[in-house]
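Before any comments, here is the structure.
Taken together, the values in this text are just the output of simple stated rules run on the coordinates, not laboratory data. Keep in mind it's a predicted model, so treat the numbers as computed, not measured. Positions of Cβ are generated from backbone atoms using ideal geometry, with glycine treated the same way; all protein chains shown enter the neighbour counts.
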Amino acid sequence: MAASSGKSVLFVCLGNICRSPIAEAVFRKMVTDNGDTNNWLIDSGAVSDWNTGSSPDTRALACLRKQSIETDHRARKVTKEDFLSFDYILCMDESNLRDLNKKANSVKNCKAKIELLGKYDPQEQLIIQDPYYGSEEDFEKVYEQCLRCCKAFLESHS
Ligand code: WE7
């Protein structure tokens, strides 16, 4: 559960094995490097339950490892409680956004602000594309987008 005094963010993509675990790990490293971990609850999740319990995709792990970032995340599906407890739910593409808004409409007292992570990109690349059927470069691009967006998101909430 989110600490009442702190801030909380849930990163979301389709399966929670490529984009959202990268975003989560990148954001956690930034917050840790700032010595601000006590003020943030950070997690990631999926709109689908296809990959529930799985480790991130090996290409996502390799991409993070190149930056000396580790993660022990296991995929999970977004729950109704997430809409009540998180301040922000940040997703990757329009399909995620549609799915999340649909779910948010079925919960009472939704607290979370549901947005595209790409909204925070100073380079204005709004959509973080699914790299699942892509190449190593596509994962690198996801990482770079997450880095820019997470930095801007953190700055706007510090
Ligand atoms: C993905 C995926 C991604 C696509 N991670 N999967 Cl096979 C399938 C079916 C329903 C939900 C999920 Cl999560 C998955 C496995 C995991 N990033 N991207 N599938 C994908 C991409 C483009 C067109 C169709 C699919 C299923």
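Observations on the model:
- Three-way shape call for the range 1-155 based on the alpha-carbon gyration tensor, with the a/c threshold at 1.5: rounded
- Within straight-line cross-link reach of K141, lysines at Cα separation under 23 Å, skipping those fewer than 8 residues along the same chain: K29, K66, K119, K151
- Computed [θ] at 222 nm, deg cm²/dmol, the chain (DSSP H ≥ 4; -39,500 (n - 2.57); rounded to nearest 500): -12000 deg cm²/dmol
- Contour minus Cα-Cα distance for K111 and A152 (0.36 nm per residue): 12.6 nm
- Close amide H pairs (under 5 Å, H built 1.01 Å from N) link S44 with F11, residues at least 5 positions away or on another chain.
- In summary, the helical segments of the chain meeting the span-like criteria, namely a full DSSP H run, a Cα extent along the axis of 20 angstrom or more and a mean Kyte-Doolittle hydropathy of at least -1.0, are 19-33, 136-155.
- Partners for K102 among lysines (Cα-Cα distance below 17 Å; same-chain residues under 8 apart left out): K77, K80, K111, K113
- The charge dipole of the range 75-158, taken about its Cα centre with unit charges on the Cβ of Lys, Arg, Asp and Glu (plus for the first two, minus for the last two), comes to roughly 700 debye.
- Note on L97, L90: ascending count of other Cβ atoms within 10 Å places them as L97, L90, the fewest first.
- Net charge over other residues, Cβ less than 9 angstrom from the Cβ of I127 (K, R count +1; D, E count -1): -2
- Here the Karplus relation 6.51 cos²θ - 1.76 cosθ + 1.60, evaluated at θ = phi - 60°, turns the backbone of the range 35-40 into coupling constants of x, 10, 4, 5, 9, 10 Hz, with x for every Gly and Pro.
- Net charge of Cβ neighbours under 13 Å - reference D43; Lys, Arg +1; Asp, Glu -1: 0
- Peptides ranked, highest mean first, by Cβ atoms within 10 Å: ranges 17-30, 54-67: 17-30, 54-67
- Farthest toward positive dipole pole in the range 1-129 [+1 Lys/Arg, -1 Asp/Glu at C-beta], among M30, N96, C110: C110
- Most positive-pole-ward Cα, G15, S48, A60, against dipole of the range 1-135 from beta carbon charges: S48
- Nearest-20 debye value, the chain charge dipole, Cβ charges on Lys, Arg, Asp, Glu: 500
- Counted over all Cα-Cα pairs of the range 40-114, pairs farther apart than 13 Å make up 70 percent.
- Derived scalar couplings ³J(HN,Hα) [the range 114-125; Karplus, 6.51 cos²θ - 1.76 cosθ + 1.60; whole Hz; x for Gly, Pro]: 9, 9, 7, 4, x, 4, 8, 6, x, 8, 6, 8
- Charge tally in the Cβ shell below 10 Å around L116, where Lys, Arg are +1 and Asp, Glu are -1, L116 excluded: -3
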